[in-house]
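Below you'll find the structure, written out as structure tokens, and then a few comments.
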Amino acid sequence: MKESFGDEAGFSLLEVLIATTVLTVGLTALAQLFAISTRANFSAKSTTMASILAQQKMEQLRALTWGFDTLGLPISDVSSDTTVVPESPAGGRGLRPSPPDSLKTNQDGYCDFVDRYGYSLGGGATPPTGTLYIRRWSIEPMPSNPDNTLVLQVLVTPWPDRGSDSTASTRRLPDEARIAGVKTRKTQ
């Protein structure tokens with residue numbers, strides 16, 4: 001008796017090629033998805049770090065003295081150096097109004113540089129070696145109440161993206177953080 005295997009003998013060469021092609025297309029799409037998700041995770045990490053650094057600087061600025069003394073006279077911290085963390089009580093600009101382009105360029109007293117671990121490397125106009133983020137801030141009297149209210153803005157950007165380009169826009173770019181706040185004089 002002769003056994004017949006018929007069409008059940010195995011896969012043909014054409015079926016193997018089709019299956020291999022489908023598998024290759026699927027793996028290629030998966031590799032692209034992996035690359036996209038890796039870039040998105042890196043961007044999210046950078047934006048989160050920039051947000052933390054911006055909030056840290058905002059809290060440092062908001063903690064400076066801006067109020068009234070016991071006689072009701074205005075007192076302002078105009079000497080603390082906020083380009084270092086923690087701030088130094090002298091040698092800086094404190095809450096003095098900043099130059100108009102302090103969010104666009106590195107202005108001494110209104111800019112500091114941060115390494116990849118989040119440690120301040122100090123201020124100045126030129127980033128030192130190891131700079132990963134540039135942190136700039138502006139302090140402006142509020143037009144409707146200039147003697148008692150300040151508008152504070154902080155912009156944190158990765159060093160290679162914006163750098164020291166004086167023509168750069170102040171709009172937020174990817175991987176950056178920009179926050180604004182208001183500080184009003186309070187009775188001591």
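Mind listing whichever residues of the range 131-161 are under 18 Å from Lys45 (Cα atoms) and touching a residue at least 12 places away in the same chain (Cβ under 8 Å)? Lay out the reasoning, then the answer.
Taking the range 131-161 first, the residues under 18 Å from Lys45 (Cα atoms) are 131-135, 155-161.
Across the range 131-161, the qualifying residues are Thr131, Leu132, Tyr133, Ile134, Arg135, Leu155, Val156, Thr157, Pro158, Trp159, Asp161.
The number of residues in the range 65-104 being among the hydrophobic types (A, V, I, L, M, F, W, C) and in contact (Cβ under 8 Å) with a residue 40 or more places away in the chain comes to 5. Are there any pairs with C-beta distances below 7 angstrom linking a residue in the range 30-48 that is surrounded by 10 or more Cβ atoms within 10 Å (Cβ to Cβ) to a residue that is of a type in the set (Asp, Glu), with the two at least 6 apart or on different chains, and if so which? Close Cβ pairs satisfying both conditions: Ser43/Asp175; Ser46/Asp175; Thr47/Asp175.
Residues that are aliphatic (A, V, I, L, M), touching a residue at least 40 places away in the same chain (Cβ under 8 Å) and part of a loop (DSSP other than H, G, I, E, B): does the range 122-130 have at least one? So that I can check it myself, show each step before the final result.
Here is the first cut: in the range 122-130, the ones aliphatic (A, V, I, L, M) are 125.
Pick out the ones that are also touching a residue at least 40 places away in the same chain (Cβ under 8 Å) and you get none.
The answer is no; no qualifying residue exists.
Specify the residue that is farthest from the chain's Cα centre (by Cα); the eligible residues are those in the range 9-45 that are aliphatic (A, V, I, L, M) and under 30 Å from Tyr133 (Cα atoms). It comes out as Leu33. Reported count of residues in the range 82-123, each being touching a Ser or Thr at 6+ places or on another chain (Cβ under 8 Å), closer than 15 Å to Gln56 by Cα and not polar (S, T, N, Q), is 11.
Restricting the search to the range 86-119, which residues are within 19 Å of the chain's Cα centre (by Cα) and either more than 18 Å from Gln153 (Cα to Cα) or loosely packed, with under 13 Cβ neighbours inside 10 Å (or both)? Correct list: Asp115, Arg116, Tyr117, Gly118, Tyr119.
Among the residues of the range 61-82, which ones are of a type in the set (D, E, K, R), exposed (fewer than 15 other Cβ atoms within 10 Å of the Cβ) and within 23 Å of Ile134 (Cα to Cα)? Passing the criteria: only Arg62.
Can you go through Ser88, Ser43, Ser51 and tell me which one is at pLDDT 90 or above and of a type outside the set (Val, Ile, Thr)?
Numbers: Ser88 fails: at pLDDT 90 or above; Ser43 fails: at pLDDT 90 or above.
That would be Ser51, the only listed residue that is at pLDDT 90 or above and of a type outside the set (Val, Ile, Thr).
As a summary of the residue check, Met58 satisfies the conditions (1) loosely packed, with under 14 Cβ neighbours inside 10 Å; (2) modelled with pLDDT of 95 or more except for the one numbered (1).
Condition check: surrounded by 13 or more Cβ atoms within 10 Å (Cβ to Cβ), modelled with pLDDT of 90 or more and part of a loop (DSSP other than H, G, I, E, B). Does Arg135 satisfy that? Here the answer is no, as Arg135 does not meet what is asked.
The values are calculated or read from the model by the stated rules, or taken from the named source; none is laboratory data. Nothing here was measured: the structure is a model prediction, and the numbers come from that model. Because the Cβ atoms are built from the backbone with ideal geometry, glycine has one as well, and the counts that use them run over all protein chains shown.
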